[in-house]
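The next block holds one structure in the form of structure tokens; read it before the comments.
The values are calculated or read from the model by the stated rules, or taken from the named source; none is laboratory data. Owing to the predicted nature of the structure, the values given are computational and were not obtained by experimental measurement. No Cβ is skipped: glycine too gets one built from the backbone with ideal geometry, and neighbour counts run over all protein chains shown. To get the accessible areas, we keep the full protein, side chains included, count just its heavy atoms, and leave off ligands, DNA and RNA. Shrake-Rupley method; radii C 1.70, N 1.55, O 1.52, S 1.80 Å.
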Amino acid sequence: MIGGGNAGISAAARFLRKGVSSVAVAEPQLVHTYRPLLSYVGGGQAALRTAERTQRSVTPKGCTWIQESAVAVDPEARMVTFASGRTCGYRDLVLGAGLVPDDDALPGIAEALHSPAVASNYLDHAEKTWDLVREMRSGRAVFTVPRAPVSCTGTTIKPLFLAAAHWKRAGRLGDIDITLIVDRAGLVDVPDLDDRLGRCLDDLNVEVLHRTSVTAVDPERNELTVTGPDGERLVPYDLLHLVPPFRGPTWLADSGLTDSDRHGVIDVDPGTFRHRTHPDVWAVGDGAGVDTDPSGGALRRQVKILVGNVLAARSGRSMDTYDGYTVAPVATDAHLLIAGEFDRSGEVTSSLPSFVDPLKPRRVAWAFDRYGLPQTYWNLILKGRV
Ligand SMILES: Cc1cc2nc3c(=O)[nH]c(=O)nc-3n(C[C@H](O)[C@H](O)[C@H](O)COP(=O)(O)OP(=O)(O)OC[C@H]3O[C@@H](n4cnc5c(N)ncnc54)[C@H](O)[C@@H]3O)c2cc1C
């Protein structure tokens, strides 16, 4: 396994449970983060430490932890090279190294983040998001949703709704103009969900710029350059929550495993997770090209199918197919959330009984997202039990 995030650890645990005796995870970080909680850190509802565990504590017993970065894969020789120069062979390789910010598409992301008015739950600055939201009294707050691929598109809009809920409670909403810049035709590109979210944004008087990409950030002037249907324009900000464009890991680009037409995601069969030209290579999670929006909710289903398929391929059995199930859990108010489950075709699906409106913002859905899912993650998902 390359990457010890949600994908790598839950897959490793599941392989061990299924009796695979030799499992290794390469992961350079010492701290493992449950990323969905970062939205609540940025919204002032959770402390960062509750989203973090040591990498050692989440690495399953019986799994070898290679504590360094992979720098190359040679799929012909079935060999991974690590930053120290050490190499490791494999029978099956699962890539779960996630996405990285695309500095070519938007230069200066790191510099912008270190400036006073810019934060991002998506770039390890969730505590700063909450600091800026709490301190803002008036002016323009700008939030961005990039083009695909991005981790869980729905949650890129969560910071806006949680910030607005705080400003409403503090009696400041009337003094703050909110702009949402969306590099897509819709929002999450699920028509029914977009419709519902659009109404929530209207209720808050949010200006939404669709089909608009951020092409430059000027942290000296607190100004964005954006390009949309009416050409290029400047958008000033007093607070910017930046979700930049992402891409697949650059180090994998030379391996022949990625798809440059889809911003460097790994070129697997979206149904089976098997690489299209190298059958011993597999990928799931944010960095895998599976033709659906990546998310932790999607991974719950993906990992189960992936592990079954690797074992099926080894013993010549037929493989299962992933239908693209994913989630876009969007908090629309401090304690209300739309669970937002959908499939590859953009059709809303639901784990709820059919008479229940799956797109209605609910307190119980928020409580499960905020309190129930973190426990499920640490105790069941990372242990390969669900
Ligand atoms: C702010 C935020 C909020 C979110 N909210 C939700 C939500 O509410 N619901 C939901 O379902 N999903 C949510 N998601 C999405 C969910 O967290 C991701 O889909 C999930 O974490 C993806 O897991 P992954 O293992 O594919 O990638 P990651 O979690 O990114 O893990 C990749 C791992 O690979 C490691 N790595 C990278 N390069 C290398 C290398 N060269 N060698 C070895 N290791 C490497 C990294 O250090 C990292 O640990 C959210 C994501 C973010 C960022």
Degrees separating the helix 6-17 axis from the principal Cα axis of the chain, which is the longest one: 30
Summed side-chain charge close to P60 - residues other than P60 whose Cβ falls under 10 Å, Lys, Arg +1, Asp, Glu -1: +4
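What is the percent of Cα-Cα separations in the range 103-225 that go past 26 Å? Mind showing how you got there, number by number?
Numbers: 1284 of 7503 pairs.
The proportion of pairs with Cα distances above 26 Å equals 17 percent.
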³J(HN,Hα) computed for each position of the range 189-198 - Karplus, 6.51 cos²θ - 1.76 cosθ + 1.60, integer Hz, glycine/proline x: 6, 10, x, 5, 5, 4, 4, 5, 5, x
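In the chain, what percent of the accessible surface is made up of carbon and sulfur (1.4 Å probe, ligands and nucleic acids excluded)?
On the way: 8030 of 16760 Å².
Carbon-and-sulfur percentage of accessible area, whole number: 48.
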Relative contact order (percent, whole number), the chain, Cα cutoff 8 Å, 6+ residue spacing: 19
Packing-based order for 78-89, 320-331, 41-52, using average beta carbon neighbours within 10 Å, highest first: 320-331, 41-52, 78-89
Rounded to 10°, Cα long-axis angle of helix 126-135 versus longest principal axis of the chain: 10
The chain - mean residue ellipticity at 222 nm from DSSP helices (-39,500 (n - 2.57) per run, n ≥ 4, rounded to 500): -7000 deg cm²/dmol
Charge dipole of the range 150-231 about the Cα centre (unit charges at C-beta), most positive-ward option of L173, A216, N205: L173
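When only C-alpha pairs under 8 Å and at least 6 residues apart count, what is the relative contact order of the range 151-273, in percent?
Working: 117 pairs, mean separation 18.5, N = 123.
Here the relative contact order equals 15 percent.
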log₁₀ of I(q)/I(0) at q = 0.06, 0.10 Å⁻¹ - the chain, Debye sum with one point per alpha carbon: -0.23, -0.64
Kirkwood-based Rg to Rh ratio, the range 195-330, C-alpha trace: 1.09
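Find the accessible area per residue for the range 346-386; the probe is 1.4 Å, ligands and nucleic acids are left out, and the unit is Å².
59
Taking only Cα atoms of the range 18-90, what ratio of Rg to Rh do you get with Rh as the Kirkwood inverse-distance radius?
On the way: Rg = 16.1 Å, Rh = 14.5 Å.
Value, to two decimals: 1.11.
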5 angstrom amide H check on A216, placed H, neighbours 5+ away: T225
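How many Å³ per residue does the convex hull of the Cα positions in the range 253-297 occupy? List each step's numbers first, then the result.
Working: hull volume 3.3 nm³, N = 45.
Taking the convex hull of the Cα positions in the range 253-297, it is 73 Å³ per residue.
Of V71, V145, which has the most accessible area with a 1.4 Å probe, and how do the rest follow in descending order?
So, going from the largest accessible area down, we get V71, V145.
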Whole-angstrom gap from the range 46-111 to the range 148-164, using each part's C-alpha centre: 24
Over the range 113-206, relative contact order from alpha-carbon pairs under 8 Å, at least 6 apart, %: 29
Overall Cα dimensions of the range 300-386 - principal axes, largest extent first, Å: 49, 31, 19
Lysine pairs within the chain, Cα separation less than 22 Å, 8 or more sequence positions apart or different chains: 11
GNM flexibility winner over the chain from V265, V214, V356 (Cα, springs under 10 Å): V356
Accessible area expressed per residue, the range 184-269, with surrounding protein chains retained (probe 1.4 Å, Å²): 48
Descending semi-axes in Å of the range 1-150, equivalent ellipsoid built from Cα gyration tensor: 35, 19, 12
